[in-house]
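Below is one structure, written out as structure tokens; comments come after it.
The values are calculated or read from the model by the stated rules, or taken from the named source; none is laboratory data. All figures in this text were calculated on a predicted structure; none of them were measured in a lab. Note that we place each Cβ from the backbone using ideal geometry, even for glycine, and neighbour counts take in every protein chain shown.
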Amino acid sequence: MQPREWTPPALEPRRSRSAALKAGAAPAPRTEWGAVHYAVSFVFYILFYSVIAGLVRSRFPIDLGLFLFFTNEELIEWALRKVGIRLVPDTLGATFVGAFVWVTGASMLFARWKDNMPTWLASVFPLHAPWSFIAAAALGCAVLKVTATLFVRRVLPWGGIELTRDSLARTLVEGLTGFALLGLSMLLLSTLG
């Protein structure tokens, strides 16, 4: 017997975007208006949180609004798609990228708030903490989020518990798992210290 020869199947040539538009394929409205959508959203965020900042006479709400805008998962995915990176949903890579952006934003936000935070938050937050402590706390929160997500995605199905993606039950279980992990880590740190 002779070995079987295999040839790969022929692939269709890739068409450019302009050729696809000429052929009658309508562009997706989300990708066509993505930059305008996020620019308008940014303006609305700034206006809304500026009104709140004017009412409480503090820059705190504006910084919080910027943090919430730039850590939006849809904005992160859109920006990464624009540079050629596609995040696969429901993977740890997507969770890590979101957590990394959150850590970066939170460490900048806490460093900025350190000197002019509201009095109700100053009573809870250490006032003269170095930026490394703030970054470590933000990184710890991101690690707790990734660990809770990993637990819900990998460990719960072994026990026969299936939670659908983007459901309220999954969000609640991830949040409760994160708080349980935070409590265990605090208990472990208190026994060691």
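Please go through (1) at pLDDT 80 or above; (2) in contact with a Phe, Trp or Tyr (Cβ under 8 Å, 6 or more places away or on another chain) for residue 137 and return the number of the only condition it doesn't satisfy.
Only one criterion is unmet by residue 137, namely (1).
Looking only at residues in the range 70-91 that are within 12 Å of the chain's Cα centre (by Cα) and charged (D, E, K, R), which one is farthest from residue 35 (Cα to Cα)?
Out of the qualifying residues, it is 73.
In the range 155-193, what residues are assigned to a loop (DSSP other than H, G, I, E, B), more than 18 Å from the chain's Cα centre (by Cα) and surrounded by 10 or more Cβ atoms within 10 Å (Cβ to Cβ)?
Start the filter on the range 155-193 by keeping residues that are assigned to a loop (DSSP other than H, G, I, E, B), which leaves 159-167, 193.
With more than 18 Å from the chain's Cα centre (by Cα) added as a condition, the list becomes 159-164, 193.
The answer is 161, 163.
What number of residues within the range 53-84 satisfy the criterion of being within 21 Å of residue 108 (Cα to Cα) and among the β-branched types (Val, Ile, Thr)?
Selection size over the range 53-84: 3.
List every residue pair whose Cβ atoms sit under 8 Å apart, with the two residues 6 or more apart in sequence or on different chains, where the first one lies in the range 170-192 and is among the basic types (Lys, Arg) and the second, anywhere, is part of a helix (DSSP H, G or I) and surrounded by 10 or more Cβ atoms within 10 Å (Cβ to Cβ).
Matching pairs, first to second residue: 170/152.
Residue 152: under 30 Å from residue 59 (Cα atoms) and either at pLDDT below 80 or not in a loop (DSSP other than H, G, I, E, B) (or both), yes or no?
Details: under 30 Å from residue 59 (Cα atoms): no; either at pLDDT below 80 or not in a loop (DSSP other than H, G, I, E, B) (or both): yes.
So residue 152 does not fit the description; no.
For the range 54-106, name all the residues that are of a type in the set (Val, Ile, Thr) and either touching a residue at least 24 places away in the same chain (Cβ under 8 Å) or part of a helix (DSSP H, G or I) (or both).
Passing the criteria: 56, 62, 71, 76, 95, 97, 101, 103, 104.
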